[in-house]
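Take a look at the structure below.
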């Protein structure tokens, strides 16, 4: 089984962290292809960055498909280009937000999300609603740190994340979902410190991808049909 994990941003250190998280989650015998396009924004913080990242990300998915990938993971919590990726891919495509939400609502009746910047909050709230979990979500909290600051000052990031998780627990959350792939390596430590199940979306998505790959394919009837070849269209067609 070959699982393709794509980091839609171009920061090599984050790609390496995502690779480590994916390797820790994968079962023995699962092969991983982990990479980033290299030409996209260094971090994805809003709709503009998402739009810039998606074309190169889709090309990476096409290349992985040609290399025999059985499933794909989009390792950005905004799930950029997820629907378009499902048009391109034959195998299942998992976004780490959607995967994390599915796990959170399976193991807890109420959950919360802890993310980076305040601007990410409405984006994530809309995603949680889109995935049908708005009622179960006790809120999305931002620690007011840019994505790249997670690596630049990990001690401060952990301190702020722990405080946000404790506050989420006080609001009734029974589990917390980390709202950025760059938080992956803090997951176990934060869970031990706060006493709550803390979910990493990369871990969740890789495990779900393994469960689906080889058993289910993306439906090509309707919304996720393969993109039409526009290069052969005659004028007026």
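The values are calculated or read from the model by the stated rules, or taken from the named source; none is laboratory data. As the structure is a prediction and not an experimental result, all values here were calculated from the model. All Cβ positions, glycine included, derive from the backbone under ideal geometry; neighbour counts span all protein chains shown.
Does residue 222 satisfy being in a loop (DSSP other than H, G, I, E, B), in contact with a strand residue (DSSP E or B) (Cβ under 6 Å, 6 or more places away or on another chain) and surrounded by fewer than 17 Cβ atoms within 10 Å (Cβ to Cβ)?
Working: in a loop (DSSP other than H, G, I, E, B): yes; in contact with a strand residue (DSSP E or B) (Cβ under 6 Å, 6 or more places away or on another chain): no; surrounded by fewer than 17 Cβ atoms within 10 Å (Cβ to Cβ): yes.
Judged against the criteria, residue 222 is not a match.
If you filter segment 42-59 down to residues that are crowded, with 23+ Cβ neighbours inside 10 Å and at pLDDT 95 or above, you find that the one that is nearest to residue 207 (Cα to Cα) is 57. Output the residues belonging to segment 22-48 that are over 18 Å from residue 93 (Cβ atoms) and touching a residue at least 40 places away in the same chain (Cβ under 8 Å). Once the filter is applied, which keeps residues that are over 18 Å from residue 93 (Cβ atoms) and touching a residue at least 40 places away in the same chain (Cβ under 8 Å), segment 22-48 yields 24, 27, 42, 43, 45, 46, 47.
Per-residue answers, yes or no, for (1) in contact with a helix residue (DSSP H, G or I) (Cβ under 8 Å, 6 or more places away or on another chain); (2) closer than 24 Å to residue 161 by Cβ; (3) in the same structural domain as residue 168 (by TED's automatic domain parsing):
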{"position": "52", "(1), (2), (3)": "no, no, no"}
{"position": "63", "(1), (2), (3)": "no, no, no"}
{"position": "88", "(1), (2), (3)": "yes, no, no"}
{"position": "106", "(1), (2), (3)": "no, yes, yes"}
{"position": "110", "(1), (2), (3)": "no, yes, yes"}
{"position": "114", "(1), (2), (3)": "yes, yes, yes"}
{"position": "120", "(1), (2), (3)": "no, yes, yes"}
{"position": "132", "(1), (2), (3)": "no, no, yes"}
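Check whether at least one residue in segment 154-172 is on the phi > 0 side of the Ramachandran plot and either crowded, with 17+ Cβ neighbours inside 10 Å or more than 18 Å from the chain's Cα centre (by Cα) (or both), and report yes or no. Within segment 154-172, one or more residues are on the phi > 0 side of the Ramachandran plot and either crowded, with 17+ Cβ neighbours inside 10 Å or more than 18 Å from the chain's Cα centre (by Cα) (or both).
Among residues of segment 54-70 that are within 9 Å of residue 37 (Cα to Cα), those with a Cβ under 7 angstrom from a residue that is surrounded by fewer than 14 Cβ atoms within 10 Å (Cβ to Cβ), sequence gap 6+ or separate chain, pair up as 56/39. Residues of segment 1-24 that are in a helix (DSSP H, G or I) and either surrounded by fewer than 23 Cβ atoms within 10 Å (Cβ to Cβ) or at positive phi (or both): 12, 13, 15, 16, 17, 19, 20, 23, 24.
Enumerate the pairs (first residue in segment 159-175 and assigned by TED's automatic domain parsing to the domain that holds residue 139 and over 9 Å from residue 112 (Cβ atoms); second residue anywhere and modelled with pLDDT under 95 and assigned to a loop (DSSP other than H, G, I, E, B)) with beta-carbon separation below 7 Å, excluding pairs fewer than 6 apart on the same chain, so at least 6 apart or on different chains. Listed by first residue and then by second, the contacts come to 160/143; 160/145; 161/143. Of all residues in segment 191-211, those that are in a helix (DSSP H, G or I), more than 16 Å from residue 20 (Cα to Cα) and either out of contact with any helix residue (DSSP H, G or I) (no Cβ under 6 Å at 6 or more places or on another chain) or in contact (Cβ under 8 Å) with a residue 60 or more places away in the chain (or both) total 6.
Here residue 75 meets the list (1) in contact with a helix residue (DSSP H, G or I) (Cβ under 8 Å, 6 or more places away or on another chain); (2) surrounded by 18 or more Cβ atoms within 10 Å (Cβ to Cβ); (3) farther than 26 Å from residue 125 by Cα almost entirely, failing just condition (3). Looking only at segment 119-133, residues that are in a helix (DSSP H, G or I) and touching a residue at least 24 places away in the same chain (Cβ under 8 Å) come to 5 in all.
Among 167, 173, 112, which is the only one that is touching a strand residue (DSSP E or B) at 6+ places or on another chain (Cβ under 8 Å) and in a loop (DSSP other than H, G, I, E, B)?
Result: 173 is the single residue among 167, 173, 112 that is touching a strand residue (DSSP E or B) at 6+ places or on another chain (Cβ under 8 Å) and in a loop (DSSP other than H, G, I, E, B).
Conditions (1) under 23 Å from residue 30 (Cβ atoms); (2) within 12 Å of the chain's Cα centre (by Cα); (3) at pLDDT below 95, marked per residue:
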site	(1), (2), (3)
64	yes, no, no
71	yes, no, no
83	no, no, no
100	yes, yes, no
105	no, no, no
110	no, no, no
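Could you tell me whether segment 134-143 includes any residue that is modelled with pLDDT under 95, part of a loop (DSSP other than H, G, I, E, B) and buried (at least 20 other Cβ atoms within 10 Å of the Cβ)? Looking through segment 134-143, at least one residue is modelled with pLDDT under 95, part of a loop (DSSP other than H, G, I, E, B) and buried (at least 20 other Cβ atoms within 10 Å of the Cβ).
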